[in-house]
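Colleague: There's a structure below that I have some questions on.
Bear in mind that the values in this text are calculations on the coordinates, not laboratory data. Everything numeric here is computed off the predicted structure, so don't read it as measured data. Every residue, glycine among them, receives a Cβ derived from its backbone with ideal geometry; neighbour counts consider all protein chains shown.
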Amino acid sequence: MKWNLDDLPVFVAVIGQNGISAAARELDMPKSTVSTALTRLEQALGLRLIDRSSRSLRVTAEGEAFHRRALLILEQAREADDLMAGLGSVPTGRVSVALPPAFSLDVVAPRLPEFRARHPGLELDIIVTSQGAALVRDRVDLAVVVGILEDSELISRTLIEGRLIWVASPAWLSTHLLGETLDAVSLQIQICEARYAQRRTPVQVHGEAAYMDLARGITQVNDPLVVLRTVMAGGGVSMLPHQYCVGPLREGRLVEVLPHIRLSRSSARLTAVYPGRRLLSPRVRVLLDFLLEVCQELDMPPRSNHVAGA
């Protein structure tokens, strides 16, 4: 590498301030020093980065490409500095995270006082959304997403492997004969999460691949907690991520049923994601570790008895 890393902040400032004079004021440098650094960088690269005259400044195509890379290099340098400064010290500052609605309400919210007590120097910004992955690049440090992760540019860490289970309330089971076949079960589903409501929802029956039609005659909702409360109120049988059923199963308000009909595990997976080009700062690391700890407590098989079909 022939060019000097110290010239990168100068180059970025010239573009950001749209001029050499403005960049010099921003950096508190003589104008001649800024101009020399820019010329030195261009000569080392063998490329014209900026066309400049006495009245205007135009970034070349090569300059635009190098500017994008320069921003990444400077961001990584700052994060590396933050990381080294944070080692052995108490994490402080603000950390932003995007969480799915049900996960934030049912899993994270009850544990927030505990996180606050552990890390009083951290300030949390929580965005509740089902589109967390789209916010990672610009708005949040970390996001939790549901289901299969499609963006390969993001670093991912599985929080809960996830498994969908069939559940019903004891009161409903006491007055209804639970179906055994897929057609019979379909008639007893009154509500389900919208992302499972397909004409050909894949399942396995006694280990054999099959499909259920969950697109017709069923109330669809984009929040698993609405499904949970409906089922506990006697609203038939439905499928839910196990992590939201732990308490009701333990307390006897729900019963796991239909163990011979299995649904896709990946549909209920919860994954923490962050940009691959970023180092994980100490403040983000402690938040990720906390989410892993909380989810590890949830991702265990239920203790309740299975109820098969009639």
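Colleague: Using the Cβ atoms and a cut-off under 12 Å, what net charge is assigned to the surroundings of residue 199, where Lys and Arg are +1 and Asp and Glu are -1?
Modeller: On the way: positive: 200, 216; negative: 213.
Value of the local net charge: +1.
Colleague: Can you tell me the 0 to 90 degree angle between the C-alpha axis of helix 31-45 and the longest principal axis of the chain, rounded to 10?
Modeller: Value to nearest ten degrees: 70.
Colleague: Can you put 239, 212 in order, fewest other beta carbons within 10 Å first?
Modeller: 212, 239
Colleague: Tell me, in nm to one decimal, what length is gained between residue 68 and residue 215 on full extension, where the rule is 0.36 nm per residue of separation less the Cα-Cα distance?
Modeller: Taking 0.36 nm per residue and subtracting the Cα distance, the gain is 48.4 nm.
Colleague: With contacts defined as alpha carbon pairs under 8 Å and 6 or more residues apart, what's the relative contact order of the range 5-86 in percent?
Modeller: 25 percent
Colleague: Which ordering of 66, 290 is given by a fewest-first count of other beta-carbon atoms within 10 Å?
Modeller: Listing 66, 290 from fewest to most nearby Cβ atoms yields 290, 66.
Colleague: Long-range amide H contacts for residue 269: which residues qualify at under 5 Å (H placed 1.01 Å from N, peptide plane, sequence gap of 5 or more or a different chain)?
Modeller: Close amide H contacts, sequence-distant or interchain: 147.
Colleague: For semi-axes √(5λ) of the Cα gyration tensor in Å, the listed values are (1) 35, 26, 14; (2) 54, 22, 15; (3) 24, 23, 20; which was obtained by calculation from the structure presented?
Modeller: Looking at semi-axes √(5λ) of the Cα gyration tensor in Å for this model, the match is (2).
Colleague: Continuing with this model, one more query. Calculate the dipole size of the chain relative to its Cα centre from +1 charges on Lys and Arg beta carbons and -1 charges on Asp and Glu beta carbons; express the result in debye to the nearest 20.
Modeller: 440 debye
Colleague: Moving on to the next point. Estimate the FRET efficiency between residue 39 and residue 153 by the formula 1/(1 + (r/R0)^6), using the beta-carbon distance for r and 41 Å for R0, to the nearest 0.05.
Modeller: Result of the calculation: an efficiency of 0.75.
Colleague: May I pose another question? Just to verify a number: FRET efficiency for residue 77 and residue 297, C-beta to C-beta distance, R0 = 30 Å, to 0.05? Let's see the in-between values first.
Modeller: Working: r = 37 Å, r/R0 = 1.25.
Once the sixth-power term is evaluated, E becomes 0.20.
Colleague: Take the Cβ-Cβ distance between residue 260 and residue 109 as r, set R0 to 30 Å, and report the resulting FRET efficiency rounded to the nearest 0.05.
Modeller: 0.30
Colleague: Same structure again: Exposure proxy check: 172, 3 ranked by fewest other beta carbons within 10 Å?
Modeller: By the 10 Å Cβ count, ascending, the order reads 3, 172.
Colleague: So, one more: Report ³J(HN,Hα) in whole Hz for each residue of the range 218-231, in order, from the Karplus equation J = 6.51 cos²θ - 1.76 cosθ + 1.60 where θ = phi - 60°; Gly and Pro get x.
Modeller: 10, 5, 10, 8, 9, 9, x, 5, 5, 4, 4, 5, 5, 5
Colleague: Given the peptides 112-123, 195-206, 95-106, 6-17, arrange them by the average over their residues of other C-beta atoms within 10 Å, most packed first.
Modeller: Ranking the peptides 112-123, 195-206, 95-106, 6-17 by packing returns 95-106, 6-17, 195-206, 112-123.
Colleague: How much length is gained on full extension from residue 29 to residue 118, taking 0.36 nm per residue of separation minus their Cα-Cα distance?
Modeller: Computed gain between residue 29 and residue 118 is 27.7 nm.
Colleague: While we're looking at this one, here's another question. What order, most packed first, do the peptides 228-238, 31-41 have when packing is the mean number of other Cβ atoms within 10 Å of each residue? Please list the in-between numbers first.
Modeller: Values: 228-238: 19.5, 31-41: 17.0.
In descending order of packing, they fall as 228-238, 31-41.
Colleague: In percent, how large is the relative contact order of the chain, given Cα pairs closer than 8 Å and 6 or more residues apart?
Modeller: 21 percent
Colleague: Another question, if that's okay. To the nearest 10 degrees, how steeply does helix 8-17 sit against the main Cα axis of the chain, on a 0 to 90 scale?
Modeller: 90 degrees
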